[in-house]
1. Here is a check on your reading of the model: is T119 within 14 Å of the ligand (Cβ to nearest atom), farther than 17 Å from L7 by Cα, of a type outside the set (G, A, S) and surrounded by fewer than 16 Cβ atoms within 10 Å (Cβ to Cβ)?
2. Looking only at helices (runs of 4 or more DSSP H) that lie completely in the stretch 40-135, which have at least 3 residues being of a type outside the set (A, V, I, L, M)?
3. Hey, can you tell me all the residues within the stretch 27-42 that are in contact with an Asp or Glu (Cβ under 9 Å, 6 or more places away or on another chain) and not β-branched (V, I, T)?
4. Specify the residue that is farthest from the ligand (Cβ to nearest atom); the eligible residues are those in the stretch 38-56 that are of a type in the set (G, A, S) and crowded, with 22+ Cβ neighbours inside 10 Å.
5. Just wondering, is there one or more residues in the stretch 57-76 that are within 12 Å of the ligand (Cβ to nearest atom), more than 11 Å from the chain's Cα centre (by Cα) and either under 17 Å from F126 (Cβ atoms) or in contact (Cβ under 8 Å) with a residue 12 or more places away in the chain (or both)?
6. Go through the stretch 2-37 and give me each residue that's surrounded by fewer than 20 Cβ atoms within 10 Å (Cβ to Cβ), under 19 Å from I74 (Cα atoms) and aliphatic (A, V, I, L, M).
7. Can you tell me which residues in the stretch 14-37 are more than 14 Å from the chain's Cα centre (by Cα) and more than 9 Å from the ligand (Cβ to nearest atom)?
8. Restrict the check to the stretch 77-84 and report whether at least one residue is touching a residue at least 60 places away in the same chain (Cβ under 8 Å), within 13 Å of the ligand (Cβ to nearest atom) and under 18 Å from R3 (Cα atoms).
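Computed from the coordinates by the stated procedures, all read-outs in this text should not be read as laboratory data. Treat the numbers as computed from the prediction; the structure is a model and nothing was measured. Virtual Cβ from ideal backbone geometry, glycine too; neighbours counted across all protein chains shown.
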Amino acid sequence: MNRLDALFDAARAAQACAYAPYSKFSVGAALRALSGAIYSGCNVENAAYPSGTCAESAAIAAMIIAGESRITDILVIGGEGTPITPCGACRQRIYEFSAPETTIHCADSQGVKASYRITDLLPRAFGPRDLETRP
Ligand code: THU
């Protein structure tokens with residue numbers, strides 16, 4: 001089994017659970033944490049549109065609940081066609097729990113079509129270390 005197969009299957013299963021009645025754009029995300037465990041999430045929209053949440057946020061929350069805090073890989077699948085990359089806010093959310101080698105895999109229904117390092121999707125990011133030297 002390809003090491004991405006389990007992530008892909010988890011993201012597909014999460015995508016099927018998406019609550020996206022307004023955009024009709026279902027997103028699933030699955031991440032592998034340092035322990036090897038996989039956590040997944042889907043987007044959950046809201047009639048008050050800005051209150052909706054992204055799939056990546058839900059997967060990160062599941063990881064935090066389990067007591068983990070380092071993402072090694074995260075796979076995202078959205079819509080029907082061209083693979084999506086995480087939105088800007090989710091790049092920042094992923095960065096918080098990343099190492100430079102953390103990889104983001106972008107899939108369509110057939111499988112992973114592109115993979116990027118977090119440092120390529122969010123170069124020169126603001127992160128936890130920027131707050132370490134506050135007086
Ligand atoms: N969405 C995500 O879940 N993740 C992303 O990275 C991009 C956008 C969701 C938010 C909204 O429910 C729908 O996709 C359309 O923007």
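1. no
2. Qualifying helices (runs of 4 or more DSSP H): 88-96.
3. Result: A29, A30, L31, R32, A33, L34, S35, A37, Y39, G41.
4. Across the stretch 38-56, the extreme among qualifying residues is S40.
5. no
6. Within the stretch 2-37, L4, A6, A13, A16, L34, A37 meet the criteria.
7. Answer for the stretch 14-37, where residues must be more than 14 Å from the chain's Cα centre (by Cα) and more than 9 Å from the ligand (Cβ to nearest atom): A16, C17, P21, L34, S35, G36, A37.
8. Residues of the stretch 77-84 touching a residue at least 60 places away in the same chain (Cβ under 8 Å): 77-78.
Next, only the ones that are within 13 Å of the ligand (Cβ to nearest atom) stay: 77-78.
Checking the rest, the ones that are also under 18 Å from R3 (Cα atoms) come to 77.
Yes.
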